[in-house]
Every structure is written in C-alpha cells, then in structure tokens.
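Here it is: the structure, laid out below.
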Amino acid sequence: MSQVRIVTDSTADIPADLRERLGIEMVPLKVLFGSEGFRDGVDMGPEQFYDKLASSGIFPTTSQPSPADFIQVYERLAGEGADSIISIHLSSQMSGTYQSALVAKSMIDEKADIEVVDSRSASFGIGMLVVAAAEAAKQGKSKSEILERIASLRQGTALYFLVDTLEYLHKGGRIGKAAALFGSLLNIKPILSINDDGVVYSVDKVRGQKKAMNRIVELLQPDYAGKPIDLAMAYTTGRETAEQLCSLLQQHFDVKSVQYTHIGPVIGAHVGPGTVAAFAIPV
C-alpha cells in the first residue's frame, strides 16, 4: 500500500489534536508585531495573539514560509517513507505561500513525489480539504483518489465570514478609510466569502449582527436546504457568537456534525476580533 502524507500551512486553522491524530504536517506562517516575529500556531496561538492584539498599539503584519521551510518538511517525510506528498495551502490570491511550496517542490523533485494544491480558500476552508485528504490517506486511498476528493469537496462547500469590525479590513488595505468609518457608525456587518478564484469578496453588508446571521441562512438555503451537511464553525475571539450562528443554522439545515475551530494569528490579523465563519460541507 502506498503511503501518502498530507502537508498544509498554519492558515488552515486545524485544531492541533486533530492534526496530530491524522498525521497532518503543518508549516507555519509568521505574524509580526513590529520587529517581533512569531510562528503562527508554534510560538503564538490564538489566545496569546488576540491578547497581544488588544494590548499592543502595533498593527500586526504577516509573512509566508520560505521554500526552505517546505523543503525541510518534504525531505523529512520522504525520508520517513512517504511515496507521495500532497501539500494544500492558502489561496495563491492571498499569499505567496503556495508559490513557496511550488519552488520547494521544484528544488527536490528528484527526491520526492509532491503535488502542491492551491486550496483557493482560507481558514477551515483549507482545513476541511486537508482533514478529508488526511482521512482518505489513513484509509489507504491513492494520490489520485485523494486529489479527486479534494476537487469534489472544494466545489461543493460554501463559506461565509461575518466580520465584527471594518477596522482590520481597512488597515489591511481591503476597504477605504471613509467606508470603514461610515460602516462602523451605522453598525454595518460585512458578510465575506471567497470566490472560485480564491479571492475574498463582499457578499452583503447588513446592519446588526442578528440580521447578518439570518442573511447567512438565506445565502445557504438555495444549495443546502433539505440536504445533509457537516458544519465547521470558526471564530477569533467570540465562541459564543459562533455557537449562536451554529444554533441558527441547525434550526434550518440537516446538520450531521459540528466542528469548532479557533482562527489563528495570521487569518486573525486580517479579519480582526469578533469574526465568526461558517463552512457548510456536503456529506
């Protein structure tokens, strides 16, 4: 039986215990507060990050792994007997992480069979692909079967981010200062998603959190009403808000399972505290 190993990066926001159980390798991105750098999920977890975000006057920036970071992991896995490596990463439209992985692959092509996959997603939008791939690998599926599963799942999944504040989208260059100020004064809650090309876009802007949650239900109904789904709920600082949204979704959809995950430092630096996200995954 061939051994396929799965690699991802820290922006997949997969809980550490789940990564460990499924043998998923994680290459961290970095979050920087001025000259201080921290490896996402290694030197700094979500709780420490959001505490520092609240107390620090410095707006954090982020950076991708280097090709050398990937080479180190790929060579180790090949040395451990991996026949193939599937490496699934943050949308290439959001980061150079995918490109770093491709460069690493090109440098050690003769040593290992590596397939680098652009998730065209973020947070658990990547995570659910990685988890499904790792579960398939545990079942002894081939590289081609796992890649087919990833492609199918990516097509069938929907995700929506409910952002609490426009401040971080503004600081990250996503929206202008006037729009951020105007939106905050009116209690506007943007609902974001990621399109087929892996680009973040604004689906809608709704006044008030309760209306925004109901709008997410409306957005999901055309494709998922009456169909069994798994839910993944991600959050930055407010699990209670994620639980409220989950409860609302469970009232309207045939939810078979729920997975909660904490959005880590790198994604959190771009969406800010108070963000929650729902990922609807066809069963």
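L29's amide H: which non-local residues (gap 5+, or another chain) put their own amide H closer than 5 Å, with H modeled 1.01 Å from N in plane and none for Pro or chain starts?
For L29, whose amide H was placed from the backbone, the distant partners under 5 Å are S10, T11, D40.
Another question, then. Give the accessible surface of the range 57-176 per residue, rounded to a whole number of Å², with probe radius 1.4 Å and ligands, DNA and RNA excluded.
Value for the range 57-176: 43 Å² per residue.
Let me ask you something else. Rank M128, M94 by accessible area, highest first, at a 1.4 Å probe radius?
M94, M128
Mind pulling the per residue volume of the convex hull built on the Cα atoms of the range 225-283? Å³ is fine.
Convex hull of Cα atoms, per residue: 72 Å³.
Under DSSP H, which helices of the chain have Cα atoms covering 15 Å or more of the helix axis and a Kyte-Doolittle average no less than -1.0?
Flagged H segments are 67-79, 97-107, 124-138, 143-156, 209-224, 239-252.
In Å, what Kirkwood hydrodynamic radius results for the chain from the alpha-carbon pair distances?
Computed over the chain, the radius equals 19.3 Å.
Given the DSSP H assignment, sum -39500 (n - 2.57) over each helix run of at least 4 residues in the chain and divide by its residue total; what's the result at 222 nm in deg cm²/dmol, nearest 500? Please report the intermediate quantities before stating the final value.
Details: 11 runs with 121 residues, N = 283.
The per-residue figure over the chain is -13000 deg cm²/dmol.
Where in the chain lies the longest segment free of GluC sites (Glu not before Pro) that are both loop residues by DSSP (not H, G, I, E, B) and have at most 13 other Cβ atoms within 10 Å?
Result for the longest clean stretch: 111-283.
The values are calculated or read from the model by the stated rules, or taken from the named source; none is laboratory data. A quick note: this is a predicted structure, and the numbers were derived from the prediction, not measured. Ideal geometry is used to build each Cβ from the backbone, glycine not excepted, and the neighbour counts take in all protein chains shown. Side chains are part of the model used for accessible areas, which takes the heavy atoms of the whole protein and leaves out ligands, DNA and RNA. Shrake-Rupley method; radii C 1.70, N 1.55, O 1.52, S 1.80 Å.
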